[in-house]
Amino acid sequence: MNSIATRTHLRNTTGEHSHKGGLRMVAVFEALKGALALASAYFLIVMIRHDVDFQEAAEHILFSLHINPSRHWSQEFLHAANNISGTNIVMIGAIAITYASLRFAEGYGLWKQRAWAEWLAIISGCVYIPFEIYKVIRRPNELHWAILGINILVVLYIGWVRWDEIKAAQLRSTAQGAGG
């Protein structure tokens, strides 16, 4: 086999570029999380600039979504809204912008199939898993289970992509050394 045929054969048998669709799906998901964080930050900044009563706004949100305000998580939401101050809004906004920037960078890198973004996705996904497990143990419900499951699947998928790409690089290196 000549050198070009060897490279083509390795590309087809090692799965190179076969992860493009999956990586782009994760990239879009990450970008949507970033957009949601920015939209939330914008919403909070607008509320503080209009001197909105956060307790009243939280009650309106629950009412609009037809959520029973006597439920435990609804009470926690109302309590958190009651404790929001201008300083907290700035901090929440800064955290949201930082989080969104990280998600957009990760999404861009995954879209472009960059190894650094794959590592970032694995690390950032693994950081959340203990907190998600804690939520499932503390308050098991469908949402917490779904979030945990999706996060584990994404981490496993990106880990598999990284492993596959490392193996493909090793095969290319071996083939170039042998053809050399």
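Restricted to the stretch 1-117, the set of helices (runs of 4 or more DSSP H) holding at least 2 residues that are basic (Lys, Arg) and at pLDDT below 85 comprises 3-14. Would you check which residues across the stretch 55-84 are open to solvent by less than 50 Å² (accessible area, probe 1.4 Å) and among the polar types (S, T, N, Q) and list them? Across the stretch 55-84, the qualifying residues are Gln55, Ser74. Among residues of the stretch 163-180 that are assigned to a helix (DSSP H, G or I) and at pLDDT below 90, those with a Cβ under 9 angstrom from a residue that is charged (D, E, K, R) and open to solvent by 90 Å² or more (accessible area, probe 1.4 Å), sequence gap 6+ or separate chain, pair up as Ala168/Arg11; Arg172/Arg7; Arg172/Arg11; Ala175/Arg7; Gln176/Arg7; Gly179/Arg7.
The values are calculated or read from the model by the stated rules, or taken from the named source; none is laboratory data. Computed from a predicted structure; not experimentally measured. Positions of Cβ are generated from backbone atoms using ideal geometry, with glycine treated the same way; all protein chains shown enter the neighbour counts. Note: areas computed on protein heavy atoms with side chains; ligands, DNA, RNA excluded. Shrake-Rupley method; radii C 1.70, N 1.55, O 1.52, S 1.80 Å.
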